[in-house]
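Report on one structure; see the data block that follows.
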Amino acid sequence: MNAIQTPKRFSGPSIALHWLMLVLLVAVAASMELRGMFPKGDPMREAFKTWHYMLGISVFALVWLRLLMRWVGPTPQIQPAPPAWQNALAKLMHLGLYALMIGLPLLGWLILSAKGKPVPFFFGLELPPLMAENKGAAEWIKELHEAGATIGYVLVGLHAAAGLYHHYVQRDNTLQHMLPGKA
């Protein structure tokens, strides 16, 4: 018998924040994709870009809350326990996702700063620039940001596939840890 009691699932706020982050990440990606439907200078194109920036900064703010909740709250045990290599892979996956949820918004903030453009925040507020204007730096930071976004698409897809694999193939309780509803 285990001396340390662990819950059967994550807390309600942790579950809600997990799914909110997914919605925000989809909205961040969609806003950039939808922007491409409008010609340069079109107000809708600019609106989608602004939403991309604001939603990205929201991801950046909320990921810290998510990390805090993960640090202070217990992690439910997977039953039956997966092999050690799967646990190691899961830790790497989560590390990669958190790195991207921190790194991509920071890179976006750096891009706007390097371009000398305002960094929009909600309610008409602007964030301060992180660096002086430097068009050359803006270009390579943008390339890094776009490569990171592509990696992010892959990691989110693998994360979802792993949850489904655990549920339908391994038939363990991994997915139930994060599903809303009753315990």
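Residue by residue, here is whether (1) basic (Lys, Arg); (2) under 25 Å from Met178 (Cβ atoms); (3) part of a helix (DSSP H, G or I) holds:
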site	(1), (2), (3)
Arg9	yes, yes, no
Leu17	no, yes, yes
Glu33	no, no, yes
Val63	no, yes, yes
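For region 103-141, a tally of residues being within 21 Å of Gly152 (Cβ to Cβ) and at pLDDT below 95 returns 1. Can you pull out every residue in region 115-127 that is in a loop (DSSP other than H, G, I, E, B), within 24 Å of Ala29 (Cβ to Cβ) and touching a residue at least 12 places away in the same chain (Cβ under 8 Å)? The answer is Phe121, and nothing else.
Please enumerate the residues belonging to region 108-135 that are acidic (Asp, Glu) and closer than 17 Å to His52 by Cα. Talk me through it step by step, then tell me what you get.
Applying the first criterion (acidic (Asp, Glu)) to region 108-135 yields 126, 133.
Residue satisfying the conditions is Glu126 alone.
Only a single item in (1) part of a loop (DSSP other than H, G, I, E, B); (2) among the acidic types (Asp, Glu); (3) under 30 Å from Met54 (Cα atoms) is not met by Glu146, and it is number (1). All conditions but one from (1) loosely packed, with under 15 Cβ neighbours inside 10 Å; (2) modelled with pLDDT of 95 or more; (3) in a helix (DSSP H, G or I); (4) not aromatic (Phe, Trp, Tyr) apply to Pro39; the one that does not is (3).
Only one of the listed residues (Leu100, Leu112, Leu106, Leu130) is surrounded by 12 or more Cβ atoms within 10 Å (Cβ to Cβ), touching a Pro at 6+ places or on another chain (Cβ under 8 Å) and in contact (Cβ under 8 Å) with a residue 24 or more places away in the chain. That residue is Leu112.
The values are calculated or read from the model by the stated rules, or taken from the named source; none is laboratory data. Treat the numbers as computed from the prediction; the structure is a model and nothing was measured. Backbone-built Cβ (ideal geometry, glycine too); neighbour counts: all protein chains shown.
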